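The values are calculated or read from the model by the stated rules, or taken from the named source; none is laboratory data. In this text, all values refer to a predicted model and were calculated from it rather than measured experimentally. Cβ coordinates were reconstructed from backbone atoms using ideal geometry, including for glycine residues, and neighbour counts include every protein chain displayed.
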Ligand code: G3H
Ligand code: 13P
Ligand code: ZN
């Protein structure tokens, strides 16, 4: 089937009370891992690429690799999503490249670093929504700013600073009304990358109650949790056991995400857990078999390790078993939905 708009997947998830993991990719093996997991669990798929991923891989590779995934898995609906678009042009070029969904992250200025104003965010996001909906492409916006930094993207806020940029529920309501986004990313104390929390997070640093409040006010808006890797201890241990240096850290517990799913969270972004799984698997081969030099010797276990993480999240978030039950629409068919 053709790539589907993300809105279709999130609407179905809302109707049936589950969440969908959105997985970042940069190369063929990561796409294959996701599809292995989705096939095994009959899961709908959100594959997302950041600006960094587009630069690393090139849109033509990304698009054709994701189209190959669709061709080989005709029964699984796949949305191709731009993660953290920083400007109108970035979103428009993604739409040109056949992304079926884009994120306009106007919570930060165009440099992707400095937290922006509400007015800037609402205005730029509205422009993206107008352009995207005209061709049936879905849009995710963000209100409030996350902590952490990844390859130049992100405000680089410390955990304490990030707490000052949590989503304000009044602004969230206003933002949805002002922009018409399909999905809303909220800042509730999570951050990108491996170093999220110094202890298993409690309610004072991971504000799940804020999600519940936003959902009360916006029951029909699909909420998105970024920075939602769980950073499992066993993945940290494997890396360290085989010569790596990951300092003790804590992620977002899966059970907290499951609590969020009960309160309107429909899209959960996970990248770091897969990076950890891949790195651990490759380090293991390098340490145990230093004579090996065929990339397949370490990329096959790396792909398998990422597939295991993806599968576990698909099951935990409840999307497993739903791929075949979704009545899909193309972007073209979504144009009518938005003009009504
Ligand atoms: O937003 C963060 C994602 O993990 C993507 O990271 O910008 O390093 O590709 P990246
Ligand atoms: P993690 O770094 O927690 O995997 O978050 C990824 C993310 O939010 C991508 O947008
Ligand atoms: Zn993110």
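Things to note:
- Listed by first and then second residue, the pairs linking a residue in the stretch 70-84 that is within 16 Å of ligand 2 (Cβ to nearest atom) to a residue that is at pLDDT below 95 and assigned to a strand (DSSP E or B), with Cβ atoms under 6 Å apart and 6 or more places separating them unless they lie on different chains, are 84/153.
- Considering (1) surrounded by 23 or more Cβ atoms within 10 Å (Cβ to Cβ); (2) more than 16 Å from ligand 3 (Cβ to nearest atom), the lone condition that residue 213 does not fulfil carries the number (1).
- The requirement of being within 16 Å of ligand 2 (Cβ to nearest atom) and in contact with a helix residue (DSSP H, G or I) (Cβ under 7 Å, 6 or more places away or on another chain) is fulfilled nowhere in the stretch 2-12; no residue meets it.
- Scan of the stretch 189-224 for residues that are in contact with a strand residue (DSSP E or B) (Cβ under 8 Å, 6 or more places away or on another chain), within 16 Å of ligand 1 (Cβ to nearest atom) and on the phi < 0 side of the Ramachandran plot, ordered by number: 190, 191, 192, 196, 224
- Filtered by the rule that a residue be within 16 Å of ligand 2 (Cβ to nearest atom) and closer than 18 Å to residue 260 by Cα, the stretch 167-181 gives a lone residue, 167.
- When the strands (runs of 3 or more DSSP E) confined to the stretch 71-190 are screened for residues that are at pLDDT below 95, none reaches at least 2 such residues.
- Residues in the stretch 201-232 that are more than 16 Å from ligand 2 (Cβ to nearest atom), in contact with a helix residue (DSSP H, G or I) (Cβ under 6 Å, 6 or more places away or on another chain) and not in a loop (DSSP other than H, G, I, E, B): 213, 214, 217.
Residue-wise test of (1) more than 25 Å from residue 192 (Cβ to Cβ); (2) surrounded by 20 or more Cβ atoms within 10 Å (Cβ to Cβ); (3) in contact (Cβ under 8 Å) with a residue 24 or more places away in the chain.
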{"residue": "4", "(1), (2), (3)": "yes, yes, yes"}
{"residue": "8", "(1), (2), (3)": "yes, yes, yes"}
{"residue": "13", "(1), (2), (3)": "no, yes, yes"}
{"residue": "24", "(1), (2), (3)": "no, yes, yes"}
{"residue": "27", "(1), (2), (3)": "no, no, yes"}
{"residue": "33", "(1), (2), (3)": "no, yes, yes"}
{"residue": "40", "(1), (2), (3)": "yes, no, yes"}
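- Within the stretch 250-288, considering residues that are without any contact (Cβ under 8 Å) to a residue 24 or more places away in the chain and in contact with a helix residue (DSSP H, G or I) (Cβ under 7 Å, 6 or more places away or on another chain), the one nearest to residue 190 (Cα to Cα): 282
- Whichever residue in the stretch 68-111 is surrounded by 24 or more Cβ atoms within 10 Å (Cβ to Cβ) and farther than 19 Å from residue 23 by Cα and, among such residues, is nearest to ligand 1 (Cβ to nearest atom): 107
- Some residue of the stretch 55-62 being crowded, with 24+ Cβ neighbours inside 10 Å, out of contact with any strand residue (DSSP E or B) (no Cβ under 6 Å at 6 or more places or on another chain) and part of a loop (DSSP other than H, G, I, E, B): no
- Cross-chain or 6+ apart pairs with Cβ under 7 Å, the stretch 43-58 first and under 18 Å from residue 104 (Cβ atoms) and within 11 Å of ligand 2 (Cβ to nearest atom), then assigned to a loop (DSSP other than H, G, I, E, B) and modelled with pLDDT under 95: 52/151
- Among all positions in the stretch 317-326, there is at least one residue which is touching a strand residue (DSSP E or B) at 6+ places or on another chain (Cβ under 7 Å) and touching a residue at least 60 places away in the same chain (Cβ under 8 Å).
- In the stretch 191-200, of all residues being within 20 Å of the chain's Cα centre (by Cα) and not in a strand (DSSP E or B), the one that is surrounded by the fewest Cβ atoms within 10 Å (Cβ to Cβ) corresponds to 195.
- Index of the failed condition, residue 54 passing every other in (1) under 13 Å from the mean Cα position of the chain (by Cα); (2) within 16 Å of ligand 3 (Cβ to nearest atom): (1)
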